[in-house]
Structures are given as C-alpha cells and as structure tokens.
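I have placed the structure first, in the form of structure tokens, so that the comments after it can refer back to it.
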Amino acid sequence: MKGELKKNKVRRIIVNLDKCNGCRACELVCSAVHAKPKYSSINPARSRIQVVMDPLNDEYVPIRACDYSKAGCDGRRVYMINEKKYSECSFCGTVCPTRDLFKEPDSGLPLKCDMCEDEKEPLCVQACPDGVLTYEEEEEVEEEVKPGEMEIGLKSLVDKYGLQKVADTFARMSQKG
Ligand code: SF4
Ligand code: SF4
C-alpha cells in the first residue's frame, strides 16, 4: 500500500561570492522589511543577512542567519574558491562566540532568515545590484505515511517488544529532540 505524495516547496538563495562588493544593500533592505512597523527603520544590526568583510583582502561574504550550530575555531584555515583565498573567519562569523551577529540588539534574541515569507522573491535578492544573490524554488515530492500504515508499524513493534519498551523508546527519542 503506497502513501500519498506530498509536495514541498524548497526555497534557496545562491551566493556568488566572486561578485559581492560589500555594498550592504541586502542588510539594509532586510532590516527595513523586518522593522516594526514594516519599513519604519533601517538598522543593519537587525538584518538576517550580514556581510562579513575584510576589505584589505578584498573578501566580502554575505551570510544569512540559518539554523544555529556551535563551532570551535582555530582560525588558521584558508578556503580557495574560484582561485581566490578566503580566511576561515569570513565564513564562521555566524557561529563564532566572539562575534555578536544575528542577535536582536534590544532583546538579545536570535534573528533568523524567514526567506521574506510575504514577498514573491526575497528582498535581499531584489536589492542586490550585482546578481550576487539569486533565488531558486524547487518542488520536492515525498511520500506521506498514511495513518493506517503508521498503526500497522506501531502494532508490530508493540507485538514484538511490548508496549512499555516502545513507550520508553519514544520518550527517550522526544527528549533528544
Ligand atoms: S531572504 Fe529576506 S529575511 Fe532572509 S536574509 Fe534575505 S531579506 Fe532577510
Ligand atoms: S547587496 Fe549584493 S553585492 Fe551588496 S553586499 Fe549584499 S550580497 Fe554583496
């Protein structure tokens, strides 16, 4: 018995590092569209995209606030992209504990990119003058598990291991989150 097919829309922003000139228009428009009320202020510190800049080395790396992860840093690695060198710090600014990127200045709460959910196309992409940021949408199809199938699977687990063991396992899994 096959489950129903479910369509998910995957939205991405592609970054062409070579072209970024550090103008920061993306930061300005992002902070403006997320101001309350909308467009009432511009403060790059509230932007969900931040351009990590090292002008002496001609490095400009626009980074969006996506899911958080912790990272240790030895700060010595160098990445080569299209034959240009980028220092490790340019990419790790989002997670580096020594930086204060992506925190709401007043409350300290984390900021997160919502892909400008009310807009047809993300505003940072629209504002970027050099085509550094481009937007893509793709439909992903996945099979949805029918409730009936789930019950059959659970029943066979309960038959095999007993209700208590299955319940304990679910409780452990939900704690790991
Ligand atoms: S997609 Fe929207 S919310 Fe995300 S960084 Fe760009 S302007 Fe900000
Ligand atoms: S608007 Fe485009 S060119 Fe300007 S800093 Fe942002 S990504 Fe770079």
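A single entry from 25, 45, 32 fulfils the requirement of being within 20 Å of the chain's Cα centre (by Cα), assigned by TED's automatic domain parsing to the domain that holds residue 83, of a type outside the set (Ser, Thr, Tyr) and away from ligand 2 (no atom under 15 Å from the Cβ): 45.
A quick yes/no check of all residues on (1) within 16 Å of residue 123 (Cα to Cα); (2) modelled with pLDDT of 85 or more; (3) out of contact with any His (no Cβ under 7 Å at 6 or more places or on another chain):
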position	(1), (2), (3)
12	yes, yes, yes
19	no, yes, yes
35	yes, yes, yes
38	yes, yes, yes
47	yes, yes, yes
70	no, no, yes
77	no, no, yes
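In segment 26-53, of all residues being of a type in the set (Gly, Ala, Ser) and buried (at least 17 other Cβ atoms within 10 Å of the Cβ), the one that is nearest to ligand 1 (Cβ to nearest atom) corresponds to 47. Tell me yes or no: at least one residue of segment 134-142 is within 16 Å of ligand 2 (Cβ to nearest atom), crowded, with 18+ Cβ neighbours inside 10 Å and either under 18 Å from residue 12 (Cβ atoms) or modelled with pLDDT of 75 or more (or both). There is no residue in segment 134-142 that is within 16 Å of ligand 2 (Cβ to nearest atom), crowded, with 18+ Cβ neighbours inside 10 Å and either under 18 Å from residue 12 (Cβ atoms) or modelled with pLDDT of 75 or more (or both).
Would you point out which residue out of 56, 28 is free of Cβ contacts under 8 Å to residues at least 60 places away in the same chain and either of a type in the set (A, V, I, L, M) or under 15 Å from residue 132 (Cα atoms) (or both)?
Details: 28 fails: free of Cβ contacts under 8 Å to residues at least 60 places away in the same chain.
On inspection, the qualifying residue turns out to be 56.
Could you identify the single residue in 152, 63 that is surrounded by 10 or more Cβ atoms within 10 Å (Cβ to Cβ) and at pLDDT below 80?
None of the others qualify; the one that does is 152.
The values are calculated or read from the model by the stated rules, or taken from the named source; none is laboratory data. Note that this is a predicted model, so its numbers are computed, not measured. Counting neighbours? That spans all protein chains shown, and the Cβs are built from the backbone with ideal geometry, glycine included.
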